[in-house]
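Here the structure is laid out as structure tokens; the discussion comes afterwards.
Just so it is clear, none of the values below were taken in a lab; they were calculated from the coordinates. What you see is a predicted model; the values in this text were computed from it and never measured. No Cβ is skipped: glycine too gets one built from the backbone with ideal geometry, and neighbour counts run over all protein chains shown.
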């Protein structure tokens with residue numbers, strides 16, 4: 001029915017690939033597959049480390065932005081509530097004083 005062929009033992013260095021319509025990615029995959037195991041491991045680790053570093057930098061920027069936004073929100077809350085509370089408290093004291101003055105003058 002079908003024949004089992006061990007493609008891992010196929011030597012692609014002796015095969016003429018110029019007549020094949022291979023994409024850029026296919027050519028990179030063939031180049032990578034033809035490298036020795038130690039070199040493949042080294043390339044994999046180097047590419048993984050570079051990608052991990054880039055992702056780490058992106059996450060750090062996102063976290064810095066989130067912390068900055070949180071600090072800005074807290075400051076905006078404090079700036080609007082504390083003076084607002086003070087103004088309302090002063091206004092309440094003034095109104096309370098007017099009422100008490102009005103009540104004492106009527107007696």
In nm, the gap between the two label points placed 7 Å beyond Cα toward Cβ at residue 99 and residue 64 is 5.3
Dimensionless Rg/Rh of region 22-101, both radii on Cα and Rh by Kirkwood, sits at 1.66
